[in-house]
Amino acid sequence: MKKPKLSFWQIWNLSFGFLGVQIGYSLQNGNTSRILEALGADVHSIGFFWLAAPLAGLFVQPIVGLSSDKTWTRLGRRVPFILGGAIISAVAMYFMPNAEYFTDLLPALAFGAIMLLLMDTSFNVTMQPFRALVGDMVDDDQKNLGYSVQSALINFGAVFGSLLPYILSKLNVANIPADGEKVADSVVWSFYIGGTILLLSVLWTVYKTKEYPPKQHAEYNNIDLEANEKKPKASIWSLIPNAPAIFWQLGIVQFFSWFSLFLMWVYTTRAIANQVWGDQALDPKSIAFNEAGNWTGVMFAFYSGVAAVFAFLIPSLAKKFGRKNVYSFSLILGGLGLASIFFVHDKTLLLISMIGVGMAWASILAIPYAMLSSSLPAEKMGVYMGLFNATITIPQIAAGLIGGSIIAFFDNSPIAIIVLSGTSMILAGLAVYLVKEKPVSI
């Protein structure tokens, strides 16, 4: 039995909470290095602090996926995890930029790192069920649209989250720390606002989404509930060898994509500070460095805006040219955009480099999930989506572990890391042609 066709707004409401989650995630991506440098981290060690995020995702998402596959409550299967993760995320967002005020408990840098771990763990708890929710509720011939709408909402949130510190500074909120303080008010208030919007947007999805109850879900996905009850319970790790081939093929693409993204997020602020502002930005408390931090937010917002628009074009482009061709082309353009930053010394021209990054980001958020979800058993959608998150977290862990060594090899030049990031993205684009996808109506 086919699932019912959903209206555009029903699909929109399924993922609306992801808008707020991505506001928080973008604030984390654009400002974590800035906050940690202000709290005392240096450019060689900062990648290790970022490891908290992918390590959390590596273990949390499969567990959440397996749990949500087996859960049914009055709120549904996925929604309880989405709501719980959102609440914890918001609380961590309120505390992280205020780490310097908790030195009676822990050193400021240690407290900030713990809040980063808690924040990203709860982001992961929230994100994975959103991915599975679209897979649960949307029929195969609407999945390109479902994940493209999700990608667009993610990027609308990313635009707003990335721009928040810049907007607040233009509204005369202080953009450098006051005497005796470490983090600028523009960053602190951005985290307050982002955390609040995160909660409100997730509550909208909770209110507007009615998941299919177990019996109906089984009918739509041809699941024999009685037979499943008699099957021996499989552990998470026993499922890995039985993953469909496309899981591993996409994993290669994902490795190079997310290796690239991690390097970009960690090193962009320091790279453009050196590239555009020069010696004026060496001090992380200086006006120039904080301007570079804000401009990183503008750049990330710009590529997210490009991604939001491009996400709506993906279904029609995929229908005309094929998903693989659109995916590959987007990733290669993203890699070229990142590599081009090496030649740019004007902050405004950096936005041109971000156009390809935006196209790549939209494709990364939509196309692999549309490809994968069509090949997964419906009764294991959540756990396999959670396991697939390892293709995001493992490359980030690798990048975090070797990032300090790489930057030392390149004579402590963050811009060289950005070029490496672009090269990795190009390799991801070429690896797309290793993927053999299941034919679906698009």
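The values are calculated or read from the model by the stated rules, or taken from the named source; none is laboratory data. Keep in mind that this is a model prediction, so the values were computed, not measured. Every residue, glycine as well, gets a Cβ built from its backbone with ideal geometry; the counts of neighbours run over all protein chains shown.
What number of residues within the stretch 100-123 satisfy the criterion of being in contact (Cβ under 8 Å) with a residue 60 or more places away in the chain and hydrophobic (A, V, I, L, M, F, W, C)?
Residues that pass the stated criteria total 7.
Mind listing just one residue for me: the one in the stretch 178-227 that is closer than 28 Å to Lys5 by Cα and aromatic (Phe, Trp, Tyr) and, of those, modelled with the highest pLDDT?
Trp204
Could you grab me the full set of residues in the stretch 341-375 that are surrounded by fewer than 22 Cβ atoms within 10 Å (Cβ to Cβ) and over 21 Å from Ala431 (Cβ atoms)? Show your work before the answer.
Residues of the stretch 341-375 that are surrounded by fewer than 22 Cβ atoms within 10 Å (Cβ to Cβ), as a first pass: 342-349, 351-352, 355, 374-375.
Correct list: Phe342, Phe343, Val344, His345, Asp346, Lys347, Thr348, Leu349, Leu351, Ile352, Ile355.
Restricting the stretch 273-319 to residues that are of a type in the set (S, T, N, Q) and in a helix (DSSP H, G or I), which is farthest from the chain's Cα centre (by Cα)? Before the answer, list the steps.
We begin by selecting, within the stretch 273-319, every residue of a type in the set (S, T, N, Q); these are 274-275, 280, 286, 290, 294, 296, 304, 316.
After this cut, where a residue has to be in a helix (DSSP H, G or I) as well, the list is 274-275, 280, 290, 294, 296, 304, 316.
On the way: Asn274: 26, Gln275: 26, Gln280: 32, Asn290: 24, Asn294: 20, Thr296: 16, Ser304: 11, Ser316: 24 Å.
If we take residues in the stretch 273-319 being of a type in the set (S, T, N, Q) and in a helix (DSSP H, G or I), then Gln280 is farthest from the chain's Cα centre (by Cα).
Buried (at least 24 other Cβ atoms within 10 Å of the Cβ) and either modelled with pLDDT under 90 or not β-branched (Val, Ile, Thr) (or both), is that true of Leu261?
In short, yes.
Within the stretch 60-68, is there a residue that is surrounded by fewer than 24 Cβ atoms within 10 Å (Cβ to Cβ) and within 18 Å of the chain's Cα centre (by Cα)?
Yes, because at least one residue in the stretch 60-68 is surrounded by fewer than 24 Cβ atoms within 10 Å (Cβ to Cβ) and within 18 Å of the chain's Cα centre (by Cα).
Please go through the stretch 91-105 and pick out each residue that is surrounded by fewer than 24 Cβ atoms within 10 Å (Cβ to Cβ) and among the small types (Gly, Ala, Ser).
Ala92
Taking the condition of being touching a Phe, Trp or Tyr at 6+ places or on another chain (Cβ under 7 Å), closer than 23 Å to Ala174 by Cα, small (Gly, Ala, Ser) and in contact (Cβ under 8 Å) with a residue 60 or more places away in the chain, how many residues in the stretch 268-324 meet it?
Matching residues across the stretch 268-324 total 1.
When residues of the stretch 311-331 are filtered for being closer than 29 Å to Pro414 by Cα and buried (at least 20 other Cβ atoms within 10 Å of the Cβ), how many remain? Don't jump to the end; show me each part of the working.
Our first condition is that a residue be closer than 29 Å to Pro414 by Cα; within the stretch 311-331, this holds for 327-331.
Filter once more, keeping what is buried (at least 20 other Cβ atoms within 10 Å of the Cβ): 327-328, 330-331.
Residues flagged as closer than 29 Å to Pro414 by Cα and buried (at least 20 other Cβ atoms within 10 Å of the Cβ) within the stretch 311-331 amount to 4.
Within the stretch 380-437, which helices (runs of 4 or more DSSP H) (wholly inside it) include 3 or more residues that are polar (S, T, N, Q) and free of Cβ contacts under 8 Å to residues at least 24 places away in the same chain?
none
Let's see how each residue does on (1) part of a helix (DSSP H, G or I); (2) in contact with a helix residue (DSSP H, G or I) (Cβ under 8 Å, 6 or more places away or on another chain); (3) not hydroxyl-bearing (Ser, Thr, Tyr):
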| position | (1), (2), (3) |
| --- | --- |
| Ala99 | yes, yes, yes |
| Asp104 | no, no, yes |
| Phe111 | yes, yes, yes |
| Val125 | yes, yes, yes |
| Lys143 | yes, yes, yes |
| Glu181 | no, yes, yes |
| Gly194 | yes, yes, yes |
| Leu200 | yes, yes, yes |
| Thr205 | yes, yes, no |
